[in-house]
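Trainee: I'd like to ask some things about the structure below.
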Amino acid sequence: MVSPEASHFQSSPMAKYAGARTRPFICYNDVVLFLGGAFMSLILVWSFFSFSNSPNLTFSISADKTDESTKCTRGIDMRYDPTDPVFYDDPDLSYTIEKPVKNWDEKRKRWLELHPSFIPGSENRTVMITGSQSGPCKNPIGDHLLLRFFKNKVDYCRIHGHDIFYSNALLHPKMRSFWAKLPAVKAAMIAHPEAEWIWWVDSDALFTDMDFSPPFHRYRSYNLVVHGWPGLVYDDRSWTALNAGVFLIRNCQWSMELIDTWTSMGPVSPDYVKWGEIQRSIFKDKLFPESDDQTALIYLLFKHKEEYYPKIYLEGDYYFEGYWLEIVPGLANITERYLEMEREDATLRRRHAEKVSERYGAFREERFLRGESGGKGSRRRPFITHFTGCQPCNGDHNKMYDGDTCWNSMIKAINFADNQVMRRYGFVHSDLGKTSPLQPVPFDYPDEPW
């Protein structure tokens, strides 16, 4: 896995000449050195004069130049939106799933050309989408748990510079439950032409490695990234061959068309009941009769491999999302492993601003985790822990475990992730089972004891 590299300085060795030199050669060389030095001095003086008088170097904006105050000389200009017509001005364009979007790549490209400040960094710019139902939770602690799950996503996005959108309303009356994500994702693609990736994360999925970033370079030739395994799709024909609760989807025409096809197996289809029967006839381990988004995606991969498999990356090398029962029991051991890394290298113990957290994550990656996989038994933190089957809002959890196991495990995982955030604010949860109060962190923790 790849994360940003820590910056470092390198010095280049200078070549040296050896051997005897004649006197004339030495004198000639001295003259050359003198003239070269004089020339470089003139260049430096000229450069300083030009730099200090450069019209592009502006440190302040006078109050009477109100027009210029709306222009950004550095970074993204969010006040600039020219009147040139773009797809937003087309009354036929619809955000809804009923009407397909055509020529999206060209439309998005034109928008970026008219908003050039958004082009730098657009290659992997990501907007995260998540959401939940519009009403209060039936589970007495459900709303509290969903709030903390959402805070976790906000924390991750703030640290890594992603925008985030939370949807708590149905964008189509028939697309409920697990199908509700597709209308939200399509709307987000249109609302964010500046973003290359839309990242859907279920409400019950939790970031448990706040330092890690997906290896986007690995997905350069793909348009959809989802946690899964080809063998389970094509050999075992299992409906758990992938998990559609977390996925990265590229903001492109291919993805628009995938959403249209994907949706056609959902509740808006007149053949919705039939699609459920088809899915169960192929994927024998599917537990319920109705068509669902996860099995629908596996169906597309299975029945139309030539069309979809080349563009869908089934990520199985790390916990792009991982089953919580496999992860939570080992969180204490993972905490100790990471503290041991910090005891070994003082760089990781150094207090720092949250804005530069990625630098320390990159240092840990290079120093301790290079080449380390992110799956079961890894020294690496699990990236995303997914509480599938727990249903924190309605409380209708899988009967193979009791509700307290779900809720207590959620609190433990949430606090495990929150420690990675609150450490930068000077506090940690000393007991993962207790949310409050937090413990102040000693100066050289963990080398300095409590």
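The values are calculated or read from the model by the stated rules, or taken from the named source; none is laboratory data. Since the model is a prediction, treat every value here as computed from it, not as a measurement. Here the Cβ is made from the backbone with ideal geometry for all residues, glycine too, and neighbour counts use every protein chain on show. These area figures cover heavy atoms from the full protein model, side chains too; ligands, DNA and RNA do not enter into them. Shrake-Rupley method; radii C 1.70, N 1.55, O 1.52, S 1.80 Å.
Trainee: Among (1) open to solvent by less than 20 Å² (accessible area, probe 1.4 Å); (2) among the hydrophobic types (A, V, I, L, M, F, W, C); (3) not in a helix (DSSP H, G or I), which single condition is MET189 missing?
Mentor: (3) is the only condition that MET189 fails.
Trainee: Sticking with this structure for a sec: Which residues, counting only those in the range 414-437, are surrounded by fewer than 18 Cβ atoms within 10 Å (Cβ to Cβ) and aromatic (Phe, Trp, Tyr)?
Mentor: TYR425, PHE427, listed by residue number.
Trainee: Quick check on my filter: what residues within the range 165-180 are buried (at least 18 other Cβ atoms within 10 Å of the Cβ) and not in a helix (DSSP H, G or I)?
Mentor: Start the filter on the range 165-180 by keeping residues that are buried (at least 18 other Cβ atoms within 10 Å of the Cβ), which leaves 167, 171-172, 175, 179-180.
Scanning the range 165-180 gives SER167, LEU171, HIS172, MET175.
Trainee: Okay, moving on. Can you name the residue in the range 154-164 that is of a type in the set (D, E, K, R) and part of a helix (DSSP H, G or I) and, of all such residues, is nearest to TRP197 (Cα to Cα)? It would help to see each step written out before you state the result.
Mentor: As a first pass, look at the range 154-164 and keep what is of a type in the set (D, E, K, R): 155, 158, 163.
Subsequent filtering for residues that are part of a helix (DSSP H, G or I) retains 155, 158.
On the way: ASP155: 19, ARG158: 17 Å.
Looking at the filtered set, the residue picked out is ARG158.
Trainee: Just to verify a result, which residue in the range 225-261, among those that are touching a helix residue (DSSP H, G or I) at 6+ places or on another chain (Cβ under 6 Å) and assigned to a helix (DSSP H, G or I), is nearest to PHE178 (Cα to Cα)?
Mentor: Here the residue is ILE259.
Trainee: Next up: Just to be sure I understand the filter: pairs with C-beta atoms under 6 Å, separated by 6 or more residues or on different chains, first member in the range 362-382 and under 11 Å from PHE212 (Cα atoms), second member of a type in the set (Phe, Trp, Tyr) and assigned to a helix (DSSP H, G or I). Which pairs pass?
Mentor: none
Trainee: Just to be sure before I move on: is ASP418 in a loop (DSSP other than H, G, I, E, B) and among the acidic types (Asp, Glu) in the structure I sent? Before the answer, list the steps.
Mentor: Values: in a loop (DSSP other than H, G, I, E, B): no; among the acidic types (Asp, Glu): yes.
The answer is no for ASP418.
Trainee: Which residue pairs have Cβ atoms under 9 Å apart, sit 6 or more places apart or on different chains, and have a first residue in the range 133-146 that is within 7 Å of CYS393 (Cα to Cα) and a second that is of a type in the set (Phe, Trp, Tyr) and modelled with pLDDT of 95 or more?
Mentor: ASN139/TRP407
Trainee: Going residue by residue through the range 392-400, is there one that turns out to be under 18 Å from VAL246 (Cβ atoms) and either of a type outside the set (Lys, Arg) or modelled with pLDDT under 95 (or both)?
Mentor: Applying the first criterion (under 18 Å from VAL246 (Cβ atoms)) to the range 392-400 yields 392-393.
So of that shortlist, the ones also either of a type outside the set (Lys, Arg) or modelled with pLDDT under 95 (or both) come out as 392-393.
Checked against the condition, which is being under 18 Å from VAL246 (Cβ atoms) and either of a type outside the set (Lys, Arg) or modelled with pLDDT under 95 (or both), the range 392-400 yields at least one hit.
Trainee: Further question: Take the conditions free of Cβ contacts under 8 Å to residues at least 40 places away in the same chain, open to solvent by 10 Å² or more (accessible area, probe 1.4 Å) and either under 24 Å from the mean Cα position of the chain (by Cα) or not assigned by the TED database to the domain that holds ILE129 (or both) and apply them to GLY330. Does it pass? Full working, then the answer.
Mentor: Numbers: free of Cβ contacts under 8 Å to residues at least 40 places away in the same chain: yes; open to solvent by 10 Å² or more (accessible area, probe 1.4 Å): yes; either under 24 Å from the mean Cα position of the chain (by Cα) or not assigned by the TED database to the domain that holds ILE129 (or both): yes.
So GLY330 passes the test.
Trainee: Kindly indicate the residue of the range 338-358 that is of a type in the set (A, V, I, L, M, F, W, C) and not in a loop (DSSP other than H, G, I, E, B) and also surrounded by the most Cβ atoms within 10 Å (Cβ to Cβ) among those meeting that condition.
Mentor: LEU348
Trainee: Further, regarding this structure: State yes or no: is SER281 farther than 30 Å from GLU106 by Cβ and in contact with a Leu (Cβ under 6 Å, 6 or more places away or on another chain)? Please lay out each step first, then the result.
Mentor: On the way: farther than 30 Å from GLU106 by Cβ: yes; in contact with a Leu (Cβ under 6 Å, 6 or more places away or on another chain): no.
The answer is no for SER281.
Trainee: For PRO267, state whether it is modelled with pLDDT of 95 or more and not in a helix (DSSP H, G or I). Explain how you work it out, then say what you get.
Mentor: Details: modelled with pLDDT of 95 or more: yes; not in a helix (DSSP H, G or I): yes.
Taking the combined requirement at face value, the residue satisfies it.
Trainee: For TYR219, state whether it is more than 30 Å from ALA332 (Cβ to Cβ), among the hydroxyl-bearing types (Ser, Thr, Tyr) and open to solvent by 10 Å² or more (accessible area, probe 1.4 Å). Spell out the reasoning first.
Mentor: Values: more than 30 Å from ALA332 (Cβ to Cβ): yes; among the hydroxyl-bearing types (Ser, Thr, Tyr): yes; open to solvent by 10 Å² or more (accessible area, probe 1.4 Å): no.
No.
Trainee: So ALA169 clears everything in (1) more than 12 Å from the chain's Cα centre (by Cα); (2) at positive phi; (3) among the small types (Gly, Ala, Ser) except one condition, right? Which one?
Mentor: Of (1) more than 12 Å from the chain's Cα centre (by Cα); (2) at positive phi; (3) among the small types (Gly, Ala, Ser), only one is false for ALA169: (2).
Trainee: Moving on. Just name the residue that is modelled with the highest pLDDT out of those in the range 284-323 that are among the hydrophobic types (A, V, I, L, M, F, W, C) and open to solvent by 30 Å² or more (accessible area, probe 1.4 Å).
Mentor: Kept after step one, since they are among the hydrophobic types (A, V, I, L, M, F, W, C), are these residues of the range 284-323: 287-288, 296-298, 300-302, 312, 314, 320.
From what's left, open to solvent by 30 Å² or more (accessible area, probe 1.4 Å): 287-288, 302.
Values: LEU287: 92, PHE288: 94, PHE302: 98.
The residue in question is PHE302.
Trainee: Could you check how many residues of the range 139-164 are in contact with a Cys (Cβ under 7 Å, 6 or more places away or on another chain), open to solvent by 30 Å² or more (accessible area, probe 1.4 Å) and under 20 Å from MET410 (Cα atoms)?
Mentor: 1
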